[in-house]
Amino acid sequence: MARTSKIDFFHQLDLGVPMDIPKEGDSDVILIYSREHALPPGYSKAAKENAGAIPPIDMQHAVQNCDFVNVVLTDHGTRNQCVALVPQYESYHIQKWMRVGEKGVDNTKDLKLVSRGFQANGRNQFEPPSKKNMKQNWEMLSQYFEAFPDVMKELKLLVEKVATPGRTVTVMVCNFGQSELLANFVCAARSRNLDTSSILVFATDTETKQLAESLGLTAFYDERNFGAMPSEAAGHYGDRKFTAMMMAKVMCVQMVSALGYNILFQDVDIVWYRNPIEIFEDKDSPLQEFDMLFQDDGGHTVRYTPYSANSGFYYVRYNARTEHFFSALLLAGDVILKTDSHQQALIALMSEHVSLYGLRVKVFPREEEDFPGGYQFHMVSGKFMKALFAGKVHPYIFHMSWTKNKDNKMLFLQQMGEWYLKEECVHKKVEEVAGVDKNESEGFAKACCSAEPIIKCHYRDKPSKFPCKDSPNIDEGRRSFW
C-alpha cells in the first residue's frame with residue numbers, strides 16, 4: 001500500500017466529481033497494489049523509512065506502474081465502516097451492507113444488503129417507482145412517441161436557426177407562472193449587451209410562447225406534449241407542478257440531442273454576467289474532454305451522490321454517449337415521478353452511464369467562482385456574496401437555486417441588484433402591457449426592461465447589494481447579512 005495527496009490525485013485524474021476540500025484525517029488517498037510489478041519505483045526504500053506505516057509517495061510515481069486504476073469514493077466520517085476488497089470476478093458496482101433495525105443502524109443485528117440510498121436513520125432515498133408512477137410514465141411516453149416524428153420536423157427548423165457556429169443551442173423551459181423570471185433573464189442580459197440569439201425557449205403554454213418572442217427569443221410550443229402542462233408556477237420544490245415541468249425538461253433536451261446538437265440547458269432563475277457558451281466551446285480548453293459539465297448543486301447528500309450535479313444549469317456535447325443518455329433518461333420518467341426530482345434521477349442514471357459507457361462528466365466544485373448559485377447565496381458566512389458585491393469574483397452566471405418558490409427568487413434577485421424587469425410588467429401577458437404590439441419583435445423587452453437594476457430591500461438576513469438592516473428576517477435567529 002501507499003498513500004498520496006488527495007489534491008494531487010484529483011489534479012492528475014480528474015474524476016469529474018466536485019472534490020471535498022481535504023481536512024485532517026482525510027487528506028490522503030490510499031492505494032492498494034494488486035501485484036509486485038504494480039508497485040511504484042523506490043517503494044521498498046519508502047516503506048523501510050516509514051517503519052511499518054503506509055509510505056507517502058507523490059502521485060506521479062504512485063501510479064506510474066499501474067495499467068488500471070479502480071477508484072472508490074467513500075465517506076470518511078464518524079461511522080463504523082469497513083471496506084472489503086474481494087479478489088473475484090470483477091464488479092464495477094459497490095454493494096452496501098448495514099446492520100439495520102427498525103429505526104436505522106442497530107449493531108445488534110446481522111449485516112444485510114441495502115440500497116445505496118439507505119441512511120443511518122433508516123430512511124431510504126431510493127424506493128422503486130410504484131405501478132401508478134410507471135403507468136403515468138407510459139401514458140406520457142405513448143403520446144410523446146406518437147407525436148415525435150412531426151414534432152422533430154417542426155423543431156429542426158428552429159434549432160438550425162438559433163444554433164451557434166459551434167452547434168450549441170441554449171435550451172430553456174418555461175410556463176407562464178415562471179414568466180417574470182424568463183423576462184428578467186433577458187432584461188439582465190440586455191443590460192450587459194449579451195447575445196441571447198442561441199436561446200430556444202420550450203414554452204408549455206401559448207402565453208409564454210408569445211412573451212418569449214416579444215422578448216426577442218425563439219420559442220417553440222408543442223401542444224401535443226405540453227398542452228396538459230400546468231401554466232402556474234410551482235408552490236415549492238418537488239410539488240406536482242414542479243414535477244410536471246421536470247418531465248418537460250427531459251423531453252426538450254432529448255429532442256435537441258436527437259437532432260445532433262450540443263446543449264446549454266438552464267433554468268429561468270439565472271442571470272448571466274458573461275455568456276457561458278464561450279467557456280464550453282473553447283477548443284483549447286481542457287473541458288473539451290468532458291461530455292457533460294454541471295454546476296455544483298452544493299447539497300452533497302446521499303440523494304445526489306457522487307456528483308451533486310445541479311440539473312438547472314449544464315452543458316452537453318453531442319455524441320453517441322450523450323444522445324443515448326437522454327434517451328435513457330426519458331424512459332426513466334417513472335423515477336422522476338417517484339422521487340419528485342429530475343436531479344436525483346439524472347444523477348443516478350448518469351453514474352451508471354459513467355461506469356458502463358465511459359461517459360465523461362465534470363461538476364464545477366462549489367468552492368470555485370465561475371458558476372455560483374443558491375448554495376453560495378444562503379451560506380451563513382456570506383463570504384462569497386460579499387466578494388461578489390465587492391467585484392472580487394467574476395462568475396459567468398448566478399443561479400437562484402435552493403429557494404422555496406418563484407416569489408422568493410424574485411425578492412432575492414431584487415435585493416441582490418439583479419432584477420431588471422419593471423414592476424408594471426411582472427406576471428403580465430404581452431397584450432396586458434400598455435403600448436406593446438404583440439406582433440413586434442422585442443416589443444415587450446423594449447417596454448419592460450430597465451437598463452439599470454431595480455434594487456429593493458426585503459430581508460436583512462439575506463445577501464443584498466446594499467445593507468438592508470431595517471428589513472425583517474426571513475429565517476428566524478439569523479444575524480444581519482451586513
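The values are calculated or read from the model by the stated rules, or taken from the named source; none is laboratory data. Because the structure is predicted, anything quoted here is derived from the model rather than measured. Positions of Cβ are generated from backbone atoms using ideal geometry, with glycine treated the same way; all protein chains shown enter the neighbour counts. Each accessible area value is taken on the protein alone, full model and side chains, heavy atoms only, with ligands, DNA and RNA left out. Shrake-Rupley method; radii C 1.70, N 1.55, O 1.52, S 1.80 Å.
Odds and ends about this structure:
- Restricting the range 229-265 to residues that are hydroxyl-bearing (Ser, Thr, Tyr) and over 21 Å from residue 397 (Cβ atoms), the residue that is modelled with the lowest pLDDT: 243
- So residue 142, is it in contact (Cβ under 8 Å) with a residue 12 or more places away in the chain and part of a helix (DSSP H, G or I): no
Yes/no per residue for (1) surrounded by 11 or more Cβ atoms within 10 Å (Cβ to Cβ); (2) at pLDDT 95 or above; (3) part of a loop (DSSP other than H, G, I, E, B); (4) touching a His at 6+ places or on another chain (Cβ under 7 Å):
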| position | (1), (2), (3), (4) |
| --- | --- |
| 45 | no, no, no, no |
| 48 | no, no, no, no |
| 51 | no, no, yes, no |
| 61 | yes, yes, no, no |
| 68 | no, yes, yes, no |
| 74 | no, no, yes, no |
| 77 | no, no, yes, no |
| 80 | no, no, yes, no |
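- Any chance residue 359 is modelled with pLDDT of 95 or more, open to solvent by less than 30 Å² (accessible area, probe 1.4 Å) and over 24 Å from residue 268 (Cα atoms): yes
- Pairing each residue of the range 1-30 that is assigned to a strand (DSSP E or B) and surrounded by 13 or more Cβ atoms within 10 Å (Cβ to Cβ) with any residue that is polar (S, T, N, Q) and modelled with pLDDT of 95 or more, provided the two are 6+ apart or on different chains, yields C-beta distances under 6 Å for 29/4.
- In the set (1) among the β-branched types (Val, Ile, Thr); (2) farther than 21 Å from residue 164 by Cα; (3) crowded, with 17+ Cβ neighbours inside 10 Å, the condition left unmet by residue 322 is number (2).
- Taking each residue of the range 456-481 that is farther than 22 Å from residue 392 by Cα and looking for partners that are open to solvent by 50 Å² or more (accessible area, probe 1.4 Å) and among the aliphatic types (A, V, I, L, M) with beta-carbon atoms closer than 7 Å, six or more apart or interchain, yields 459/474.
- Put simply, of 180, 160, 154 the only residue that is of a type in the set (Asp, Glu), at pLDDT 95 or above, part of a helix (DSSP H, G or I) and within 22 Å of residue 420 (Cβ to Cβ) is 180.
- Sub-8 Å Cβ pairs linking a first residue in the range 264-291 that is over 20 Å from residue 350 (Cβ atoms) and in a loop (DSSP other than H, G, I, E, B) to a second residue that is among the acidic types (Asp, Glu) and open to solvent by 10 Å² or more (accessible area, probe 1.4 Å), at least 6 apart or interchain, are 275/195, ordered by first then second residue.
- Of all the residues in the range 245-264, those that are among the aliphatic types (A, V, I, L, M), open to solvent by 10 Å² or more (accessible area, probe 1.4 Å) and touching a Phe, Trp or Tyr at 6+ places or on another chain (Cβ under 9 Å) number 2.
- Qualifying positions in the range 31-43 - outside any loop (DSSP other than H, G, I, E, B) and over 19 Å from residue 11 (Cβ atoms): 36, 37, 38, 43
- Any hit, the range 280-298, residues being open to solvent by 20 Å² or more (accessible area, probe 1.4 Å) and either modelled with pLDDT under 95 or under 28 Å from residue 205 (Cα atoms) (or both): no
- Single match in 404, 438, 429 (criterion: touching a residue at least 24 places away in the same chain (Cβ under 8 Å), over 19 Å from residue 455 (Cβ atoms) and exposed (fewer than 14 other Cβ atoms within 10 Å of the Cβ)): 404
- Looking across the range 85-130, the residues that are of a type outside the set (A, V, I, L, M, F, W, C), open to solvent by less than 60 Å² (accessible area, probe 1.4 Å) and assigned to a loop (DSSP other than H, G, I, E, B) come down to 106, 115, 117, 119, 122, 125, 129, 130.
- Candidate set: the range 441-455, residues that are in contact (Cβ under 8 Å) with a residue 60 or more places away in the chain and in a helix (DSSP H, G or I); chosen: the one surrounded by the fewest Cβ atoms within 10 Å (Cβ to Cβ): 443
- Looking only at the range 337-364, residues that are farther than 20 Å from residue 403 by Cα, touching a residue at least 60 places away in the same chain (Cβ under 8 Å) and part of a loop (DSSP other than H, G, I, E, B) come to 2 in all.
- Candidates 316, 335, 354: the one that is open to solvent by 10 Å² or more (accessible area, probe 1.4 Å) and out of contact with any Pro (no Cβ under 8 Å at 6 or more places or on another chain) is 354.
- Yes/no for residue 133 being in contact (Cβ under 8 Å) with a residue 12 or more places away in the chain, closer than 20 Å to residue 333 by Cα, open to solvent by less than 40 Å² (accessible area, probe 1.4 Å) and assigned to a helix (DSSP H, G or I): yes
- Scanning the range 183-198 for residues that are open to solvent by less than 70 Å² (accessible area, probe 1.4 Å) and part of a helix (DSSP H, G or I) yields a count of 8.
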